[in-house]
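Read through the structure below, which is laid out as structure tokens, and then see the notes.
Quick note: the coordinates plus some simple rules give every number you see, no bench work behind them. Values in this document were obtained by computation on a predicted structure and should not be read as measured data. FYI the Cβ positions are ideal-geometry reconstructions off the backbone, even for glycines, and counts take in every protein chain you see.
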Amino acid sequence: MIRFDILSLFPDMLEGYFTSSILGRAQKKKLIKIVQYDLRKWAHDKHNRVDDTPYGGGPGMVIRVDVVHRALKALIQKKSSTTRILLLSPRGATFDQRVAKRLASYKRIVLIAGRYEAIDARVDAYVDEKISIGNFVLTGGELAAACVVDAVSRLKDGVLGKATSLDQESFSHFEKKRTNIEYPQYTRPEIYERRSVPKVLLSGDHGAIAAWRGRMSKHHRTN
């Protein structure tokens, strides 16, 4: 089993997603565990403030390093090599399938999802790595955390119905120095508004179908 701990200011935001469909079933089977925490729990003033104005001036508010550090210390009394602490940040390395496969080898992943203008940069000292899901801006790190949880969870044995799905899907061969975009898929109806399913898929010739799928997949070299 792999456990995900998510530190956020809005821990209920992702509850519906995590309890539905594949991730919901995986939790019921105890293949994964997802626990969400409200950072305000570790605030030390009567208003439960977790942020303050940035030094040097500027717009927005910055999440305090002491709040985040207290949360991490409460969650992880003794750091293990099987635990990985991630900060979702635009300053992080881009998350891709190669990173997902590496993270799937851990037993516990702690994700820090920021809000407001930023998180105090001194938090970097208490995390193992920073991850970005792309070159765009979100209002918070919760959706980024959900992307990481989803991508990593589905790589664990038993989470997906068929193990072969992992080998044939898009981005399934990073370790082979190439990526693949999965071939086009079709289902009923056979003809829709004069658009037909490719005849080879209806032929029953498994060799021809495999060859067609190979041609239709897009392959890209990776660094």
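Some observations on this one:
- Option label - P(r) over Cα pairs in 5 Å bins from 0, in percent computed here, alternatives [x] 1, 6, 10, 12, 11, 11, 11, 10, 9, 7, 4, 2, 1, 1, 1, 1, 1, 0; [y] 1, 6, 14, 20, 21, 19, 12, 6, 2, 0, 0; [z] 1, 6, 12, 15, 16, 13, 11, 9, 6, 4, 3, 3, 1, 0, 0: [z]
- Segment Y192-H69, length gained on full extension (0.36 nm per residue, minus Cα span): 38.6 nm
- Exposure proxy shown here: for S132, S8, the number of other Cβ atoms within 10 Å sets the order, fewest to most, as S132, S8.
- Estimated from helical segments only, the mean residue ellipticity of the chain at 222 nm is -7000 deg cm²/dmol, where each DSSP H run of four or more residues counts as -39500 (n - 2.57).
- FRET efficiency estimate (nearest 0.05) - Cβ-Cβ, L155 to H44, R0 35 angstrom: 0.35
- Looking at the chain alone, DSSP beta bridges between its own residues are antiparallel in about 25 percent of cases.
- Farthest towards the positive end of the charge dipole of the range 57-172, among the residues M61, T83, G161, is the Cα of T83, using unit charges on the Cβ of Lys, Arg, Asp and Glu.
- Distance between the modelled labels on Y183 and V137, one decimal in nanometres: 4.4 nm (7 Å Cα→Cβ projection).
- Of D52, D96, D66, the one that fluctuates the most in a GNM where the chain has Cα springs shorter than 10 Å: D52
- Inter-label distance, nm, simple model (7 Å from Cα along the C-beta direction), M1/K79: 2.5 nm
- In straight-distance terms, cross-link reach from K130 covers every one of the lysines whose alpha-carbon lies under 24 Å from its own, apart from those fewer than eight places away in the same chain; here that gives K33, K41, K73, K78, K79, K101, K107, K156, K177.
- Per-residue Cβ neighbour rank within 10 angstrom, fewest leading, E129, E15: E15, E129
- This ranking places E142, E193 by how few other beta-carbon atoms lie within 10 Å of each, fewest first, which gives E193, E142.
- For the chain, built as a Gaussian network whose Cα springs stay under 10 Å, the top-fluctuating residue of K28, K101, K199: K199
- Cβ-based net charge around I63, under 15 Å, with every Lys or Arg adding one and every Asp or Glu removing one: 0
- Nearest-0.05 FRET efficiency for T19 and V200, computed from C-beta distance (R0 45 Å): 0.65
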